[in-house]
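Read the structure below first, then the notes.
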Amino acid sequence: MSIVLYHHPFSRAATVIWMLEEVGIPYELKFVDMFKGEHKTPEITALNAMGKLPILTDGEAVVTEVAAIGLYLADRYSMGKLAPSPEDPARATYLRWSLFAPSVIEPGSMAKAAGWEYKPGQAGWGDYNAMLTAMEGALTGHDYIVGNNFTMADAIFGGTLRYMMMFKMIEPRPVFSAYVERLNARPALQRSDAKNAEIAASHGLKRG
Ligand SMILES: N[C@@H](CCC(=O)N[C@@H](CS)C(=O)NCC(=O)O)C(=O)O
C-alpha cells in the first residue's frame with residue numbers, strides 16, 4: 001500500500017484518519033506508541049526531525065504537519081472536489097482558512113489558555129477576540145468554510161476548531177457549534193472517530 005500514516009489515536013494523527021476517509025483512498029496505519037516515547041526513535045526522527053506525529057508517507061513523499069497533509073491529499077487525490085482547482089477563485093478562501101488553523105487558531109488558543117503575555121501586533125496570531133470574530137465571520141451564511149460544499153479546508157480548520165472546543169480552549173459560539181455538529185454528522189468523521197476509539201481500546205489506552 002502506498003500511503004502510510006504514522007499514528008497514535010490521542011494525537012493530531014486522529015484528524016488525518018478523517019482526511020483519508022473523506023478522500024476515500026486505501027491507507028495503512030503504523031501505530032507509534034507515544035506513551036513509550038517511540039516518536040523520538042531514529043525511525044521516526046528520520047522522517048520528522050521534530051519527533052512528532054502525524055507523519056504521512058506516500059511512496060517516496062513524506063508529509064508532516066496536519067494542514068500540509070490535508071492539502072497534499074486533496075491536491076493529489078481529490079483535485080476539483082475536496083480541493084478547488086488553481087483556476088477556481090474559491091481556492092483563495094480554501095487556502096486562507098486552511099492556513100489560518102495552524103498559524104492563528106492553534107497558537108492563539110494556546111496563548112490564551114496558557115496566559116501568555118505577548119503583543120498582538122507582533123505575534124502572527126494576533127488578538128484572541130479578533131480571531132474568534134474572524135472565524136465567526138468566515139463561517140456565517142454558508143454550511144462550510146468555502147461555501148456550501150465540504151472541502152479539505154473543513155477538515156483542517158473545522159478539525160482544529162472541533163478539538164479546541166472539545167478541550168474548552170474556544171467558547172461554543174452558536175455558529176461554531178452548528179458547524180461542528182455538521183462536521184460530526186459526516187460519515188467519514190464518524191468512521192474516523194470509531195477507528196481511533198477502536199485503536200485506543202486495542203492498545204488499552206486511556207486519556208490522562
Ligand atoms: N504542527 C504539528 C504539530 C504536531 C504535534 O505537536 N504533535 C504532537 C501530538 S498531537 C506530538 O507529536 N507531540 C509529541 C512531542 O512533541 O514530543 C502538526 O500540525 O502536525
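The values are calculated or read from the model by the stated rules, or taken from the named source; none is laboratory data. Quick caveat: nothing in here was measured; it's all calculated off a predicted structure. We place every Cβ from the backbone using ideal geometry, glycine too, and count neighbours over all the protein chains shown.
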Check your understanding: Which of the residues that make up the stretch 151-181 are surrounded by fewer than 16 Cβ atoms within 10 Å (Cβ to Cβ) and either basic (Lys, Arg) or not assigned by TED's automatic domain parsing to the domain that holds ARG96 (or both)?
Key -> LYS168, ARG173
Practice item. Keeping to the stretch 38-70, report how many residues are within 12 Å of the ligand (Cβ to nearest atom) and small (Gly, Ala, Ser). Key: 5
Review point. Looking at (1) within 27 Å of PHE176 (Cα to Cα); (2) buried (at least 16 other Cβ atoms within 10 Å of the Cβ); (3) not hydroxyl-bearing (Ser, Thr, Tyr), which is the one condition that is false for ASN148?
Key: (2)
Study note, to complete from the structure: With the first residue restricted to the stretch 113-132 and required to be at positive phi and of a type in the set (Gly, Ala, Ser), and the second required to be crowded, with 16+ Cβ neighbours inside 10 Å and assigned to a loop (DSSP other than H, G, I, E, B), Cβ contacts under 7 Å at 6 or more apart or on different chains are none
Review point. Taking the condition within 12 Å of the ligand (Cβ to nearest atom), of a type in the set (Phe, Trp, Tyr), touching a residue at least 24 places away in the same chain (Cβ under 8 Å) and farther than 22 Å from ILE156 by Cα, does PHE35 pass?
Key: yes
Check your understanding: Out of all the residues in the stretch 1-22, which are within 12 Å of the ligand (Cβ to nearest atom), in a loop (DSSP other than H, G, I, E, B) and closer than 30 Å to ASN149 by Cβ?
Key -> PRO9, SER11, ARG12
Review point. What tally of residues in the stretch 183-195 results from selecting those that are part of a helix (DSSP H, G or I), surrounded by 13 or more Cβ atoms within 10 Å (Cβ to Cβ) and not hydroxyl-bearing (Ser, Thr, Tyr)?
Key: 7
Point to revise | ILE25 being surrounded by 13 or more Cβ atoms within 10 Å (Cβ to Cβ), at negative phi, within 12 Å of the ligand (Cβ to nearest atom) and more than 14 Å from the chain's Cα centre (by Cα) | key: no
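Quick grid of which residues meet (1) outside any helix (DSSP H, G or I); (2) closer than 24 Å to ALA74 by Cα; (3) modelled with pLDDT of 95 or more:
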site: GLY137; (1), (2), (3): no, no, yes
site: ILE145; (1), (2), (3): yes, yes, yes
site: ASP154; (1), (2), (3): no, yes, yes
site: MET165; (1), (2), (3): no, no, yes
site: ILE170; (1), (2), (3): yes, no, yes
site: ALA178; (1), (2), (3): no, no, yes
site: GLU181; (1), (2), (3): no, yes, yes
